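Written out below as structure tokens is the structure these notes cover.
The values are calculated or read from the model by the stated rules, or taken from the named source; none is laboratory data. Just so it is clear, the structure is predicted and the values come from calculations on it, not from any experiment. Reconstructed Cβ throughout: ideal geometry from the backbone, glycine too, with neighbour counts over all protein chains shown. Just so you know, the surface numbers come from the protein's heavy atoms only, side chains and all, with ligands and any DNA or RNA stripped out. Shrake-Rupley method; radii C 1.70, N 1.55, O 1.52, S 1.80 Å.
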Amino acid sequence: MNEYLESRRTLGIKPGLERLDYLLAKTDHPERKIKTIHLAGTNGKGSTLTFIQEVLIANGYRVGSFVSPGFPTVRDHILWNHKPISEKVFLELLNQLVPTIEEMDQKDMAPTEYEILMVICLLFFINRVDIALIETGMGGKEDITNRVIPILTIITSISFDHTAFLGNTLASIASHKAGIIKKNTPVILGRLPEEAHQVVIDKAKQERAPMYILGADFNIHDSHSDWEHQSFLFQYKQIKWLIEITMQGIHQMENAANAMMAIECLKEQGWTINEESVRNGMKHARISNRMEVVAKNPITIVDGAHNMASIKALRRTIEVLYPNKKVYLLFSAFRDKEVNEMLKYLDEMATRLVVTSFEHSRALKSKDLYAEWDYIPNAKKAYEVVKNTIQKGDLLLITGSLHFVEQMKRIIKQ
């Protein structure tokens, strides 16, 4: 299974949805048989999805999720009430697709790994879920998820990332993200930069999509944060909810507010969601590799902040929650990211900053660094060096690519 999909990985990212359309037509259009919430955004979509997922599961609904990236295996992209699709079912669905894949290969239409994954996901969800939460991988307009037929769309945030594919202006990136907006389908918008905001608004108006905008149609009031939990008052029309969450980070309150707006939209569409499930789901929602404490002596936090917007949010969160601690940092990311800009920003908060590499073809190397950062190529050795330097009561923060922090968690556990 893994070998077969890895062989498709060499095809890389191929623009266009014609291969996906071919697969969907050959499988009797599974995307038309599933009620879906579609989420896009540079940051925050995974957390927003998790908040919605937990509320719906707490209410007794069967919830399917397609998340990106998937850890630790390729099957972890596809979840049913938290559980990844079983290897047995995954193989059954993959084998069902193999004749079509081989036919497409012969026609010079070879489908990529993610196109195959998307179709397996949709086939799996048929008759198994009440609702599916589908997270875009990159962009929106030409993303492999953008053939679902949503009952609700959400765009959480827009900032610079994947510029080689989405363009190097916020307006261009926004145009791609706004590609998930469908005719007459409600859209929830998080806080977007002005340049991006207007692009998305114009697309929503063009599609006659009802809009719910954070800061205008729904709001956050009376927020409170400490190292154990956060709380805020969510307001929409005359509806007010005092919400408590355990996800750390000021930005997580905005993600939670987007999720609360989604819950209110579902209720307006006739979904039955009780108060207890909302409170329990929001409070117990957690997502791995986001301000995740993985050790306590010293306090060690991993966070997959892999672009400038998420690095800035991470730094704000650390300064609010751990204002008096010295911060020791271990960082690595994909070399095609704004590596040097992120390092300069992180260095301002760090007592010591060590840069390393990890097992991935896109992982940064010393040649990708513009300044003479403290670089130790072996991630395990780099971790040991930082850990041996840190003093009692200090904070060890491991951040960068999600692939990197996931590998570091395994090293720490060993």
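A few notes on this one:
- Per residue, in Å², the accessible surface of the stretch 169-236 once ligands and nucleic acids are set aside, probe 1.4 Å: 46
- Here is the list for the stretch 183-225: GluC sites (Glu not before Pro) lying in DSSP coil, each with at most 16 other C-beta atoms within 10 angstrom of its C-beta, are Glu207.
- Taking N as its residue count, the alpha carbon Rg of the chain over 2.2 N^0.38 Å: 0.98
- Shown here: the stretch 229-300, whose C-alpha atoms stretch 48, 19, 17 Å along the first, second and third principal axes, sorted largest to smallest.
- One Cα centroid belongs to the stretch 116-142, the other to the stretch 143-217; the line between them spans 19 Å.
- Once Rg and the Kirkwood radius are both taken over the C-alpha atoms of the stretch 1-156, their ratio Rg/Rh works out to 0.94.
- Restricting the stretch 304-400 to GluC sites (Glu not before Pro) that sit in a DSSP loop and have at most 15 other Cβ atoms within 10 Å of their own Cβ leaves Glu348, Glu359, Glu372.
- Heavy-atom accessible surface of the stretch 1-120, averaged per residue, reaches 42 Å², computed with a 1.4 Å probe.
- When the chain is treated as a GNM with alpha-carbon contacts under 10 Å, the residue of Gly393, Gly139, Gly44 showing the greatest mean-square fluctuation is Gly393.
- Exceeding the 18 Å Cα-Cα cut-off - candidates Lys83/Lys177; Lys141/Lys182; Lys380/Lys409; Lys183/Lys203; Lys312/Lys337; Lys296/Lys392: Lys83/Lys177
- The stretch 170-217 pair-distance distribution - Cα-Cα, 10 Å bins, rounded %: 30, 60, 9
- For Leu133, the amide hydrogen comes within under 5 Å of the amide hydrogens of Ile37, Gly64, Ser65, Phe66, counting only partners 5 or more places away or on other chains and with H modelled in the peptide plane.
- The residues of the stretch 252-382 present an accessible area of 46 Å² per residue when probed at 1.4 Å with all protein chains retained.
- Cα-projected label distance for Glu92 with Ala110, points at 7 Å along beta-carbon direction, nm: 3.0
- Put simply, the amide H of Ile213, placed in the peptide plane, has neighbours under 5 Å in Leu189, Phe218, leaving out anything fewer than 5 places away on its chain.
- Rg/Rg_globular for the stretch 1-80, with Rg_globular taken as 2.2 N^0.38 Å and Rg from C-alpha atoms: 1.29
- Considering only Cα atoms, the convex hull volume of the stretch 48-134 works out to 94 Å³ per residue.
- Most mobile of Gly281, Gly215, Gly400 in a GNM of the chain (Cα contacts under 10 Å): Gly215
- Per-residue [θ]222 nm for the chain (sum of -39500 (n - 2.57) over DSSP H runs n ≥ 4, rounded to 500): -12000 deg cm²/dmol
- Taking the chain as a Gaussian network of alpha-carbon nodes connected by springs under 10 Å, the highest mean-square fluctuation of the residues Ser157, Ser86, Ser175 belongs to Ser86.
- Cα-based radius of gyration of the stretch 85-225 once divided by 2.2 N^0.38 Å, which approximates compact folds: 1.26
- All Cα pairs of the stretch 266-400, percent lying beyond 19 Å: 54
- Virtual spin-label span in nm between Tyr370 and Ile250, 7 Å along Cα→Cβ: 2.6
- Euclidean distance between Cα centres, the stretch 34-67 to the stretch 247-296, Å: 9
- Sequence-separation-based contact order of the chain, relative, with Cα cut under 8 Å and 6+ spacing, percent: 15
- Here the Karplus curve 6.51 cos²θ - 1.76 cosθ + 1.60, taken at θ = phi - 60°, turns the phi angles of the stretch 209-224 into couplings of 8, x, 10, 10, 10, 5, x, 10, 8, 9, 9, 10, 10, 6, 7, 9 Hz, with x standing for Gly and Pro.
- Protein accessible area in the stretch 91-225, 1.4 Å probe - carbon and sulfur %: 47
- Over all projection directions, the Cα-based convex hull of the stretch 341-408 averages an area of 4.8 nm².
- Within the chain, the longest segment free of exposed loop sites, counting trypsin sites (Lys or Arg not before Pro) that fall outside DSSP classes H, G, I, E and B and have at most 12 other Cβ atoms within 10 Å, spans 238-361.
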